Amino acid sequence: MKRLFFATCFLCSTLCLQAQDKAAILQHNASFEGAESHLPTYKVIYQLDSNQPDVVKKAFRNIRNLLGDPRLIGKLNVELITFSGGTEVMLKTSPYHDELVDLIERGVQVAQCTNSLQERKLQKEDIYPFIAFVPSGNGELVIRGAEGWVIIKP
């Protein structure tokens, strides 16, 4: 009978400790405020290869959110590269003029792949005049990735 009593006491105390540990773990998680930025510069390139409005808006929103992160203000080097379906975002006829200008004015380098222009039989003159050009969107991603840039595809 004593063994049963001690076994029951041990089990109850173990369960109580587990409940306390669980509460402490949950509280520890709730107190997390994100990583601290220790580097002088953070480099990121956003890949936009879609003309789907939801994807385009998500890309712009993600970039704006990044630019507004207080941990990274003044430490960012951001590039947006468009190719494939994303080429349509850069066309003078697209509805994204104001969003693109806003990103550029906030320091984002915005560039278009010339391979995608050729594939679509487009000319540089079809693209907003404030957009830069790179020979290959994938080449830009490879170079930036090898240089340590973070590549994000929204």
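The values are calculated or read from the model by the stated rules, or taken from the named source; none is laboratory data. Just so it is clear, the model here is predicted, and its values are computed rather than measured. Virtual Cβ from ideal backbone geometry, glycine too; neighbours counted across all protein chains shown. For accessibility, only protein heavy atoms count, side chains too; no ligands or nucleic acids. Shrake-Rupley method; radii C 1.70, N 1.55, O 1.52, S 1.80 Å.
Within region 88-122, being basic (K, R) and more than 21 Å from L67 (Cα to Cα) holds for K92, R120, K121.
Which residues, counting only those in region 98-130, are more than 16 Å from V56 (Cα to Cα) and of a type in the set (A, V, I, L, M, F, W, C)? Those that are more than 16 Å from V56 (Cα to Cα) and of a type in the set (A, V, I, L, M, F, W, C): C113, L117, L122, I127, F130.
Of all residues in region 29-45, none that is farther than 17 Å from L66 by Cβ has its Cβ atom under 7 Å from the Cβ atom of a residue that is open to solvent by 60 Å² or more (accessible area, probe 1.4 Å) and part of a strand (DSSP E or B), 6 or more apart or on another chain. When residues in region 119-143 are screened for being of a type in the set (D, E, K, R), without any contact (Cβ under 8 Å) to a residue 24 or more places away in the chain and in a helix (DSSP H, G or I), 3 of them pass. Highlighted here are the helices (runs of 4 or more DSSP H) found entirely within region 1-112 that include at least 3 residues which are at pLDDT below 95 and surrounded by 10 or more Cβ atoms within 10 Å (Cβ to Cβ): 2-30.
Just one residue in the set I151, I131 is touching a helix residue (DSSP H, G or I) at 6+ places or on another chain (Cβ under 6 Å) and crowded, with 18+ Cβ neighbours inside 10 Å; that residue is I131. Taking each residue of region 68-90 that is more than 15 Å from L39 (Cβ to Cβ) and looking for partners that are in a strand (DSSP E or B) and open to solvent by 40 Å² or more (accessible area, probe 1.4 Å) with beta-carbon atoms closer than 7 Å, six or more apart or interchain, yields E79/Q109.
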